[in-house]
1. For region 88-123, give me the residue count where each residue is assigned to a helix (DSSP H, G or I), touching a residue at least 40 places away in the same chain (Cβ under 8 Å) and more than 22 Å from LEU62 (Cβ to Cβ).
2. State yes or no: is ALA233 surrounded by fewer than 20 Cβ atoms within 10 Å (Cβ to Cβ), more than 18 Å from the chain's Cα centre (by Cα) and among the hydrophobic types (A, V, I, L, M, F, W, C)?
3. When both residues are 6+ apart or on different chains and their Cβ atoms are under 8 Å apart, which pairs have a first residue that lies in region 370-385 and is over 15 Å from TYR356 (Cα atoms) and of a type outside the set (Gly, Ala, Ser), and a second that is at pLDDT below 90 and in a loop (DSSP other than H, G, I, E, B)?
4. Step by step: first the residues of region 1-59, then only those that are closer than 22 Å to TYR166 by Cα, aromatic (Phe, Trp, Tyr) and outside any strand (DSSP E or B), then the one that is modelled with the lowest pLDDT. Which residue is that?
5. Got a number for residues in region 346-379 being among the polar types (S, T, N, Q), surrounded by 14 or more Cβ atoms within 10 Å (Cβ to Cβ) and in a strand (DSSP E or B)?
6. Answer yes or no as to whether GLY209 is farther than 24 Å from GLY412 by Cβ and surrounded by fewer than 19 Cβ atoms within 10 Å (Cβ to Cβ).
7. Restricting attention to region 389-415, which residues are touching a Lys or Arg at 6+ places or on another chain (Cβ under 8 Å), open to solvent by 60 Å² or more (accessible area, probe 1.4 Å) and either under 16 Å from LYS142 (Cβ atoms) or among the hydroxyl-bearing types (Ser, Thr, Tyr) (or both)?
Amino acid sequence: MADNGDDDNQYRIKEGDYVVLKRGEIFKAVQIQPRKKVIFEKQWIFLDNAVGQLYSTTFEILSGGNLKPHELKDTASPLDAVEAGTDNRNIVDDGKSQKLTRDDIEALKEKGLKGQDIIKKLVDNHATFGDKTEYSQVKYIKKKKKKYENTVMILKPSCRILAMMYHGREPGKICHLRYDTLAQMLTLANIHAGSKVLVFETCAGLVLGSIMERMGGYGSVIQMYPGGGPVRAGVENFGFPAHFHDTLHEFPICHVNALLAGTLDTSAKDPTAEEQGSPEEESMVTNTGDDAGQDVEKTEKDKLKEAKVVFHTRLVCLIISLFFTCRLVIASRFHPCPVLLGLLKFLSPSRPFVVYSQYIEPLIECFKKLKECGGTVNLRLTDTWLRHYQVLPDRTHPLLLMSGGGGYLLSGTTVATDHSKPAGSKQAEEPAPKRQKLEDTEG
């Protein structure tokens, strides 16, 4: 019984968890905090009552923004007592068929009527609703449910849900990476528990978090980052346990050449960390009224931060130099060619790599460079195509709106090369093909 309780507890919402709110096709990632107002679809809500409930539960938003689990009642459908027409040829959409005005609907909301009751009122006061076909009636009610039913579903974060959320709200932050393309990246890179993965991405941490989720807290992930520090907003939305973050290490990509040449000083401080710490030092000088204890705490935090940077740098150097990395994943807004050629040197032979780009031209250049340099096989340049279908009785068809493109992928496998011979020596040793001799025939 205790084991069943523990298993059930991981599927329940707890305070401090990161969750995803869903209404229709709209998603938003938030954290469960007591008495904190959350804005979702222009509406204030409190998530306190969601604590203890199961994930994927639908909640009804009450007055004041409080949540209540939505109860499915066996009420009669608005279509039960309405006859359907044969076709819609005689229906004129002049805006006069609905007798209820906007003020009447707002008055019904103020009285406390729920969405289902408002929809029934709209159907009863619609002059031409009975003349619509059955399919048109179902479509009308579905449209009104999206508008008037005041419900929200709370989901557990996953790489698919977060990819759909970013692609729907802010696709530019993730380089227009679609969730089906992300799934292909994880498959082509053969990500699994116990892997050692080298990642370079500028997709707000979505690719990094998806790799960590697939690994399940086992193995090691090295994040190569540009600029002052790594961006991991997407990783936080996954809500990983603490031991997941123990497998994550970061390394500035500007020090890759020094690491390859063996001239990297692992005992030196990271200059970016010094820049981040300088405002704190200035504030300590200006705020003379602060207690001495606060100054000591700040200096201890600075020392701890510097020690953490040095520790991660040494650990990454140890992982790369002794064990090498097993996979390489690149998805960034930068040109992938110099990044790919530099990071491929950290991969052992017979290891997969995958590169994502929103455009095909940079990957074509990478493809040509890899063919010239050698050391890779099974190079493939692919694009993804996705279209949703509506599957309903007697009206199954592809949706009219679809995504224009999901980006392009370049994948391959590393192999050991013989550096003593140039790349074109094998072709030079092969004899030239003999020209076939033609015999003259007398006719």
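1. Result for region 88-123: 1.
2. Working: surrounded by fewer than 20 Cβ atoms within 10 Å (Cβ to Cβ): yes; more than 18 Å from the chain's Cα centre (by Cα): no; among the hydrophobic types (A, V, I, L, M, F, W, C): yes.
Criteria not met by ALA233.
3. GLU372/ALA423; CYS373/ALA423
4. Ranking the qualifying residues of region 1-59, first place goes to PHE40.
5. Of all residues in region 346-379, those among the polar types (S, T, N, Q) come to 348, 350, 357-358, 376, 378.
So of that shortlist, the ones also surrounded by 14 or more Cβ atoms within 10 Å (Cβ to Cβ) come out as 357-358, 376.
Narrowing the set further to residues that are in a strand (DSSP E or B) leaves 357, 376.
Count: 2.
6. On the way: farther than 24 Å from GLY412 by Cβ: yes; surrounded by fewer than 19 Cβ atoms within 10 Å (Cβ to Cβ): no.
So GLY209 does not fit the description; no.
7. LEU399
Results for (1) assigned to a strand (DSSP E or B); (2) of a type in the set (A, V, I, L, M); (3) modelled with pLDDT under 95; (4) in contact with an Asp or Glu (Cβ under 7 Å, 6 or more places away or on another chain), shown as yes or no for each residue.
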{"position": "GLY172", "(1), (2), (3), (4)": "no, no, yes, no"}
{"position": "LEU177", "(1), (2), (3), (4)": "no, yes, yes, no"}
{"position": "ALA193", "(1), (2), (3), (4)": "no, yes, yes, no"}
{"position": "ALA204", "(1), (2), (3), (4)": "no, yes, yes, no"}
{"position": "PRO230", "(1), (2), (3), (4)": "no, no, yes, yes"}
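The values are calculated or read from the model by the stated rules, or taken from the named source; none is laboratory data. It should be emphasised that the depicted structure is a prediction, and the values quoted were computed from it without experimental measurement. Note that we place each Cβ from the backbone using ideal geometry, even for glycine, and neighbour counts take in every protein chain shown. Note: areas computed on protein heavy atoms with side chains; ligands, DNA, RNA excluded. Shrake-Rupley method; radii C 1.70, N 1.55, O 1.52, S 1.80 Å.
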